[in-house]
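Working notes, structure below.
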Amino acid sequence: MRKLQDILKNIKSIAVKGDTSVEIAEIIIDSRKVTDNTLFVAMKGTQADGHTFIPKAIEAGAKAVLCEELPENLAEHVTYIQVEDAAEAMGYVASDFYGNPSKKLKLVGITGTNGKTTTVTLLFRLFKKLGYRCGLISTVQNQIDDEIIPSTHTTPDAVNLNKLLAEMVDAGCTHAFMEVSSHAVVQHRITGITFRGAIFSNITHDHLDFHGTFENYIKAKKGFFDALPKQAFALTNIDDRRGSVMVQNTQAAKHTYSLETLASFKGKLIADSLYGLQMEIDGREIHFQLIGTFNAYNLLAIYGAAVLLGEDKDEVLLQLSGLQTAPGRFEQLISKDLKVGIVDYAHTPDALKNVLQTINEIKEGNQQVITVVGCGGNRDTTKRPIMAKIACELSNKVILTSDNPRNEDPADILAQMQKGVPPIDFKKTKVIEERKEAIFYAVRELAQAGDIILVAGKGHETYQEIKGVKHDFDDKKVLKEAFSA
Ligand SMILES: CC(=O)N[C@H]1[C@@H](OP(=O)(O)OP(=O)(O)OC[C@H]2O[C@@H](n3ccc(=O)[nH]c3=O)[C@H](O)[C@@H]2O)O[C@H](CO)[C@@H](O)[C@@H]1O[C@H](C)C(=O)N[C@@H](C)C(=O)N[C@H](CCC(=O)O)C(=O)O
Ligand SMILES: Nc1ncnc2c1ncn2[C@@H]1O[C@H](COP(=O)(O)OP(=O)(O)OP(=O)(O)O)[C@@H](O)[C@H]1O
Ligand SMILES: N[C@H](CCC[C@H](N)C(=O)O)C(=O)O
Ligand SMILES: [Mg+2]
């Protein structure tokens with residue numbers, strides 16, 4: 001329980017009605033989850049307006065309401081706090097409610113279109129190897145040292161985020177590594193959080209359904225760096241066109257990483273094969289298990305962050321060289337008859353291009369590349385034809401299939417993808433709506449020994465979401481099944 005007035009001290013309120021000395025048991029943003037003595041935060045969302053649920057929340061036991069507009073009739077024994085932006089205010093309130101856990105950890109966040117999960121997962125594993133108790137917040141899963149907590153978002157909402165961080169502090173964690181999605185910045189999920197460091201990986205086409213324009217998307221990511229404190233570090237990929245813009249207005253100490261130019265952390269790619277990466281970093285030559293140039297960038301970001309957190313360079317490189325890829329990120333499976341399957345989470349044009357370019361660079365002789373790919377429903381529609389085109393350009397054969405159609409008709413999504421297939425590639429492209437059938441067809445009907453089958457878009461996911469229902473589906477399992485049949 002916390003006194004309401006104690007958790008309001010960092011927000012500017014327009015009006016306060018009622019007693020602020022009441023005790024609050026929890027902060028809740030969904031009226032359906034309200035219980036006794038809670039603070040209900042009414043937020044305007046993309047589907048609904050939380051303000052319409054204030055009466056319901058009070059009926060369910062809410063003791064206080066944080067909102068942008070006061071209801072006409074105020075209930076007795078309920079305290080109302082009116083603010084300009086409820087989501088923003090909730091960031092500070094949630095941090096104070098949980099005792100500002102982010103200040104008690106060395107918390108590093110990463111933002112960028114691709115590479116966040118890979119980078120935080122490896123940072124987490126690296127720091128565990130270095131002997132620390134750590135926390136992880138990622139698309140795949142959250143972790144409090146060895147305890148795994150399923151994740152629902154790439155970045156949780158402010159309440160769940162602070163709750164997780166507080167549990168990490170209680171469990172004795174000293175470090176935490178988290179993904180910061182652009183949605184999270186815009187929706188104030190990280191407002192009030194104190195970061196020790198921030199990393200920028202790259203920015204390319206994604207989520208334009210949500211942000212509207214590319215400029216807004218850039219602005220969202222930049223917002224993360226703009227809000228950093230002086231004591232933090234801001235580590236940016238200077239080879240990305242937007243790498244310097246990101247840190248333009250930050251107060252944090254600026255550092256860069258690069259494979260191409262002078263930087264605080266400079267790497268050189270020596271060799272890239274199906275067996276891993278050979279790189280030179282700070283004058284030391286090292287072999288890594290990860291595959292692909294894009295992973296060379298992730299490794300440099302991880303190395304830079306670890307050094308900026310005060311770790312010994314040699315020890316960092318030694319431990320990093322032994323780490324394996326994150327779940328569903330360029331994971332390889334090889335069948336008895338030597339067909340190579342690669343499961344990867346590439347679900348953006350840039351990621352798909354990177355992964356396919358990597359496969360083409362490292363493949364040998366006459367190995368064929370067969371790509372199975374789909375695009376998610378209720379997400380950015382403009383990427384659909386682009387991804388199909390990239391798959392065609394960089395593969396010998398392509399199967400277009402479903403990837404979480406959500407509330408859309410899979411046939412519509414596939415028709416939009418097909419618009420990107422160049423006429424010259426019609427022959428090598430096939431549409432198979434059922435993802436399992438598509439993977440089986442690629443393995444059994446198309447692939448010969450040695451051929452590489454890329455199954456892209458779902459990575460670690462263990463479901464196929466259709467009309468609000470998540471059906472069991474795991475690309476890795478299906479691929480194994482197809483291999484063993
Ligand atoms: C587009 C988006 O980000 N949506 C998030 C947003 O939902 P919303 O704005 O649609 O909410 P809404 O349904 O309009 O409701 C508005 C408010 O009324 C409340 N409400 C609603 C109904 C009710 O009966 N009672 C009630 O109180 C809701 O709790 C909410 O506070 O706020 C919700 C509560 O925090 C989130 O769960 C939800 O994430 C949805 C599930 C989602 O799919 N988000 C994705 C797009 C997302 O956030 N992705 C990013 C990054 C992905 C990436 O990097 O690739 C992530 O960080 O995961
Ligand atoms: N640094 C990188 N640059 C470009 N592509 C990358 C990079 N790292 C990984 N990828 C590709 O992008 C895919 C997604 O990588 P990852 O899951 O690490 O990114 P993410 O930023 O967490 O994505 P999301 O926003 O969906 O959570 C990988 O499966 C791989 O294909
Ligand atoms: N965090 C991303 C993941 C997309 C993964 C892909 N499999 C899809 O469902 O589109 C999103 O929710 O937009
Ligand atoms: Mg991620």
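Just so you know, all these numbers are worked out from the coordinates, no wet-lab data involved. This is a predicted model, so every value here is computed, not measured. Backbone-built Cβ (ideal geometry, glycine too); neighbour counts: all protein chains shown.
List of remarks:
- 0 to 90° range, to nearest 10: angle between helix 349-362 axis and the chain longest Cα axis: 30
- Sorted ascending by nearby beta carbons within 10 Å, beginning with the fewest, 168, 43, 1 become 1, 43, 168.
- For region 196-272 and region 393-459, distance of Cα centres in Å: 33
- Selected from 225, 151, 251, residue furthest toward positive end of dipole (region 101-321; charges at beta carbon): 251
- Alpha-carbon centroids, region 66-89 and region 152-189: separation in whole Å: 25
- Whether region 331-484 is rounded, prolate or oblate, judged on the alpha carbon gyration tensor where a/c under 1.5 counts as rounded: oblate
- Between region 125-143 and region 92-116, the alpha-carbon center distance in angstrom: 14
- Simple spin-label estimate for residue 141 and residue 153 gives 2.2 nm between the two label positions (7 Å along the Cα-to-Cβ direction from each Cα).
- Helix 158-170 vs. the chain, principal-axis angle (Cα, 0 to 90°, nearest 10): 90
- Only Lys, Arg (+1) and Asp, Glu (-1) charged, at Cβ; the chain dipole about Cα centre in debye: 660
- Peptides 231-240, 309-318, 116-125 ranked from most to least packed by the mean count of surrounding Cβ atoms within 10 Å: 116-125, 231-240, 309-318.
- Considering every alpha-carbon pair of the chain, the percent of pairs per 10 Å bin, from zero through the bin containing the longest distance, is 4, 19, 27, 25, 16, 7, 2, 0.
- Anchor residue 339: aspartates and glutamates whose Cα lies under 15 Å away (excluding residues fewer than 8 positions away in-chain): 331, 364, 445, 451, 481
- Extension gain from residue 129 to residue 33, taking 0.36 nm per residue of separation minus the Cα-Cα distance: 30.7 nm
- Cα gyration tensor, region 101-321 - rounded (a/c under 1.5), prolate or oblate: oblate
- For region 307-389, the spread of Cα positions along the three principal axes, ordered from largest to smallest, is 46, 38, 20 Å.
- Nearest 10 degrees, 0 to 90: helix 214-226 Cα axis against the chain principal axis: 60
- Under the convention that each Lys and Arg Cβ holds +1 and each Asp and Glu Cβ holds -1, the size of the dipole of region 373-415 around its Cα centre is about 140 debye.
- Reciprocal mean inverse distance between Cα atoms of region 396-476 - Kirkwood radius, Å: 13.6
- Neighbour counts of other Cβ atoms within 10 Å put 347, 255 in the fewest-to-most order 255, 347.
- Among the listed pairs 266/313; 428/458; 116/219; 353/428; 353/383; 428/467, a Cα-Cα separation exceeding 20 Å is found for 428/458; 428/467.
- Prolate/oblate/rounded label for region 2-91 (Cα gyration tensor, a/c 1.5): rounded
- Within region 331-484, percent of DSSP bridges classed antiparallel, to nearest 5: 30
- In a fully extended conformation the segment linking residue 469 and residue 85 would gain 135.0 nm over its present Cα-Cα distance, using 0.36 nm per residue.
- Over the chain, DSSP H runs of length four or greater, each weighted -39,500 (n - 2.57), average out per residue to a 222 nm ellipticity of -9000 deg cm²/dmol.
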